[in-house]
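Written below as structure tokens is the structure these notes are about.
The values are calculated or read from the model by the stated rules, or taken from the named source; none is laboratory data. Bear in mind that the values here come from a model prediction, so they are computed numbers and not experimental data. Because the Cβ atoms are built from the backbone with ideal geometry, glycine has one as well, and the counts that use them run over all protein chains shown. Calculation scope for accessible area: heavy atoms of the full protein, side chains included, ligands and nucleic acids excluded. Shrake-Rupley method; radii C 1.70, N 1.55, O 1.52, S 1.80 Å.
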Amino acid sequence: AAKQRKDGAVVYDPEIDQGSQQSLSLLSELRRAIDRDEFRLHVQPKLMLASGKVVGVEALVRWVHPERGFIGPDDFIPFAEKTGFIRTLTRWVLEQSAALCAELNARGLDLKLSVNLSTRDLLDLELPGKFADILMRHQVRSSSFCLEITESSIMDDPVRAQQTLERLHAMGVELSIDDFGTGYSSLAYLKRLPVDELKIDKSFVQNMARDADDRKIVRSTIDLGHNMGLRVVAEGIENVEVWHLLVAMGCEQGQGYFMSRPMPSDQFLDWLQRWQA
Ligand code: C2E
Ligand code: CA
Ligand code: CA
Ligand code: CA
């Protein structure tokens with residue numbers, strides 16, 4: 001790209017070129033990926049910890065790129081957020097989740113679908129209307145959905161985020177604070193927002209069988225959530241010791257590799273049958 005120096009001369013900067021061209025092509029590839037059906041909806045089961053009963057799934061998106069193969073969300077969600085593409089992607093995830101919800105309902109399964117929202121989604125005043133539209137087209141209830149938001153995503157524009165969240169909540173959708181404990185001023189938001197669920201970040205859960213500090217943090221977070229009248233969910237349960245500890249601490253729900261890794265949504269019913277067998 002051409003760049004003007006302080007002395008007025010215009011110079012060529014190959015670095016800028018590379019960076020912005022790469023971004024441009026990544027953005028156009030993301031746009032194409034929707035048309036070419038390259039995104040995949042994976043789901044991870046969410047369980048009642050005391051009984052092992054499956055109560056829902058979390059939707060987690062993946063990208064199967066024609067040349068680069070399997071790409072995890074951490075490698076394209078931040079970029080999708082920066083460019084605004086996330087709004088398109090979120091609508092795709094909501095659409096797919098609603099279709100899955102309808103399929104589960106048709107089989108007599110009343111499970112909750114958890115969907116991740118990002119900062120941009122919370123600033124998107126059209127989102128509640130679009131979501132209502134999707135629910136209507138698939139004939140599914142708003143109460144079958146829980147939207148997961150992070151503390152940092154609320155921080156960007158707390159006033160507008162609160163507006164969006166209040167509209168969604170008024171529709172009957174549940175709200176969850178994801179990655180709880182990793183952001184800033186979590187407590188202030190807990191007080192002000194219409195939240196139903198608090199999700200303890202996996203960084204505190206994974207090693208809690210070995211780490212006494214992690215155990216103290218998890219225990220306090222569970223108590224805090226309960227005192228605020230919220231349901232508490234632990235993510236990142238990787239072994240049975242952690243599961244048992246969480247039951248003893250009164251944590252209601254959990255998810256983790258120990259029960260199941262996220263799987264393609266069309267494999268979920270088979271998994272569920274095996275789990276219940
Ligand atoms: P997250 O919402 O905190 O999701 C939990 C992540 O932890 C997932 O990674 C999941 O596969 C992983 N996980 C679950 N159980 C365990 C466990 O027992 N041990 C360990 N080590 N990890 C576990 P994933 O699928 O790679 O997603 C990463 C992040 O990408 C998500 O974190 C979320 O922030 C974002 N993401 C994924 N899908 C979407 C989406 O559809 N929309 C948006 N906005 N963000 C998404
Ligand atoms: Ca999540
Ligand atoms: Ca998390
Ligand atoms: Ca996360």
Those residues of the range 206-242 which are in a helix (DSSP H, G or I), hydrophobic (A, V, I, L, M, F, W, C) and out of contact with any Gly (no Cβ under 7 Å at 6 or more places or on another chain) amount to 212, 218, 224, 240, 242
What number of residues within the range 57-101 satisfy the criterion of being touching a residue at least 24 places away in the same chain (Cβ under 8 Å) and either at positive phi or aliphatic (A, V, I, L, M) (or both)?
15
Regarding residue 81, is this residue touching a strand residue (DSSP E or B) at 6+ places or on another chain (Cβ under 9 Å) and near ligand 1 (Cβ under 10 Å from one of its atoms)?
no
Those helices (runs of 4 or more DSSP H) lying entirely in the range 116-199 with at least 1 residues in contact with a strand residue (DSSP E or B) (Cβ under 9 Å, 6 or more places away or on another chain) and within 16 Å of ligand 2 (Cβ to nearest atom):
119-122, 151-155, 158-170, 186-192
Unique residue being out of contact with any His (no Cβ under 8 Å at 6 or more places or on another chain) and either at positive phi or touching a residue at least 60 places away in the same chain (Cβ under 8 Å) (or both) when the list is 151, 197, 174:
174
When you look at residue 196, is it open to solvent by 60 Å² or more (accessible area, probe 1.4 Å) and either touching a Gly at 6+ places or on another chain (Cβ under 7 Å) or away from ligand 4 (no atom under 15 Å from the Cβ) (or both), yes or no?
no
In the range 23-52, how many are of a type in the set (Val, Ile, Thr) and part of a helix (DSSP H, G or I)?
1
